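What follows is a set of notes on a single structure, which appears directly below.
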Amino acid sequence: EVSSRTIAVPRLPADRQVIPFTITFVQRGDTIAMFDAGNGVTPAGATNGRMIANMAAAGIDPARVTHVIHSHFHGDHVNGLLNAEGGRAFPNAQVLVPAPEWAWWTDAGNTTRSPEGQRGNFANVARRFAPYQGSVTPFQTGAEVIPGITAIAAPGHTPGHTIFRIADGDQQMMFVADVT
C-alpha cells in the first residue's frame, strides 16, 4: 500500500546564520582532556563565548583540565585559550598542537603565502598561545598524544589540520572538527 503525506520542513532564518559550537571532553582517571578551546570570552549578550560558564554548569572546573588538544588554529578553536583578563583559561593544562599547524602559524614568513583573509590568524595564534609558553607541546601525525588518543593528519582546511582516534579497549570513536 502506498500513501502520501506532506512533511513540514523548517526554514533556516534568512537574516542570520546559527552555528553551534560543541567542545568535546575526554576523562580518564585524573586526566581531563578537551579538544580545541572554542571561541572564548565575548561581550555580554553575545551568542558565543559561553564555554567557561557552560563548563561550570556541567561541573567541569577549567583548573582541572589537564590537556587542551588542538585540531587546528582558526579563531573559533583557539580563542578560548584566554580568560577575560587575557590570561590562561586553563591554568594547569598542557596544550598539545599538531606540529605542522604550529610550524605554519608561528612562522611569520608564511603570512604572505596565506590567503589574505587568513593572515590575521598569525597574530591571533601568537596572542592566544603566549600565556602558555613552556606548556605547548607539538606532536607528529600518528602520535599517541595522550594514552588512548591518536593524531591523524587531515590537511586541507588548514596546513596541519588534524583529527583524532579516541580508543578505550574495544570502544573507539573519531573526533573531527571542520571536516564535514
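List of remarks:
- Among the residues listed as L82, L96, the single one being among the hydrophobic types (A, V, I, L, M, F, W, C) and at pLDDT below 95: L82
- Of the helices (runs of 4 or more DSSP H) contained entirely in the range 45-151, those carrying at least 2 residues that are more than 26 Å from R28 (Cβ to Cβ) fall at 75-78, 99-105, 120-129.
- With respect to the stated conditions, A37 fails to be over 20 Å from H157 (Cβ atoms), open to solvent by less than 30 Å² (accessible area, probe 1.4 Å) and within 15 Å of the chain's Cα centre (by Cα).
- For the range 152-180, a residue qualifies if it is in contact with an Asp or Glu (Cβ under 8 Å, 6 or more places away or on another chain) and not in a strand (DSSP E or B), and the qualifying residues are H157, T158, P159, G160, H161, A177.
- Residue count for the range 56-101, restricted to those that are open to solvent by less than 20 Å² (accessible area, probe 1.4 Å) and not hydrophobic (A, V, I, L, M, F, W, C): 8.
- Some residue of the range 113-122 being modelled with pLDDT of 90 or more, closer than 22 Å to F21 by Cα and crowded, with 19+ Cβ neighbours inside 10 Å: yes
The values are calculated or read from the model by the stated rules, or taken from the named source; none is laboratory data. Please read all numbers here as calculations on a predicted model, not as lab measurements. Note that we place each Cβ from the backbone using ideal geometry, even for glycine, and neighbour counts take in every protein chain shown. Accessible surface areas use protein heavy atoms only, side chains included; no ligands, DNA or RNA. Shrake-Rupley method; radii C 1.70, N 1.55, O 1.52, S 1.80 Å.
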